[in-house]
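One structure, as structure tokens, below. Some questions next.
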Amino acid sequence: MVTITNYKEVQTADGRQFVSIELQSEPKLVQSSTTGNFYLTVNKTRVTTALSVDVCKTLVGQQLPGTVEKIQVEPYESINKETGEVKVLHHVFVYTPDEQSVQKVQLGELPMMTDFNMGMNSMPMGSFGMPS
């Protein structure tokens, strides 16, 4: 299980706005490779939503089935906003939902859309929201 711990309003470079939620894994015990001491840690990631800020506020503290996993990626630079330190990272954290919690919809099962402005009633929508 993962816990929704926060939300954030985000604005893209081109001005679009959306809300993301922060997901946190269950705590796990890890042993330091340098000192050999154990410490408790969690993995965190963000997931974009189609939800409003008001809805996201009510979700904080809720749990979702799945995990936050560390995966290896091509190296990239990350800047610590507080110190300005630049690090090269080789991983990201991603949310992986439990298979049974994912609702899969077949294209033929999508709800019919109605567009009264164009006079198209109950037309199925195809790729990119265009009428098929």
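Do you know which of the residues in the range 59-78 that are touching a residue at least 12 places away in the same chain (Cβ under 8 Å) and small (Gly, Ala, Ser) is nearest to residue 4 (Cα to Cα)?
61
Here is a further query. Any idea which residue in the range 1-16 is surrounded by the most Cβ atoms within 10 Å (Cβ to Cβ), counting only those that are part of a strand (DSSP E or B) and free of Cβ contacts under 8 Å to residues at least 60 places away in the same chain?
7
I would also like to ask the following. Contact list please: Cβ distance under 6 Å, first residue in the range 20-44 and within 21 Å of residue 64 (Cα to Cα) and touching a residue at least 24 places away in the same chain (Cβ under 8 Å), second residue of a type in the set (Phe, Trp, Tyr) and surrounded by 10 or more Cβ atoms within 10 Å (Cβ to Cβ), pairs at least six apart or on different chains.
21/7; 23/95; 43/93
Now for a different question. Taking the options 47, 30, 55, 19, name whichever one is assigned to a helix (DSSP H, G or I) and not hydroxyl-bearing (Ser, Thr, Tyr).
Result: 55 is the single residue among 47, 30, 55, 19 that is assigned to a helix (DSSP H, G or I) and not hydroxyl-bearing (Ser, Thr, Tyr).
Conditions (1) at pLDDT 90 or above; (2) exposed (fewer than 10 other Cβ atoms within 10 Å of the Cβ); (3) more than 20 Å from the chain's Cα centre (by Cα); (4) of a type in the set (Ser, Thr, Tyr), marked per residue:
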{"position": "18", "(1), (2), (3), (4)": "yes, no, no, no"}
{"position": "34", "(1), (2), (3), (4)": "yes, yes, yes, yes"}
{"position": "46", "(1), (2), (3), (4)": "yes, no, no, no"}
{"position": "56", "(1), (2), (3), (4)": "yes, no, no, no"}
{"position": "61", "(1), (2), (3), (4)": "yes, yes, no, no"}
{"position": "68", "(1), (2), (3), (4)": "yes, no, no, no"}
{"position": "84", "(1), (2), (3), (4)": "yes, yes, yes, no"}
{"position": "96", "(1), (2), (3), (4)": "yes, no, no, yes"}
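When you check residue 77 against the structure, is it acidic (Asp, Glu), exposed (fewer than 10 other Cβ atoms within 10 Å of the Cβ) and in a strand (DSSP E or B), yes or no?
For residue 77, the condition - acidic (Asp, Glu), exposed (fewer than 10 other Cβ atoms within 10 Å of the Cβ) and in a strand (DSSP E or B) - is met.
The values are calculated or read from the model by the stated rules, or taken from the named source; none is laboratory data. Only a predicted model underlies this, so the values are computations on that prediction, with no experimental measurement involved. We place every Cβ from the backbone using ideal geometry, glycine too, and count neighbours over all the protein chains shown.
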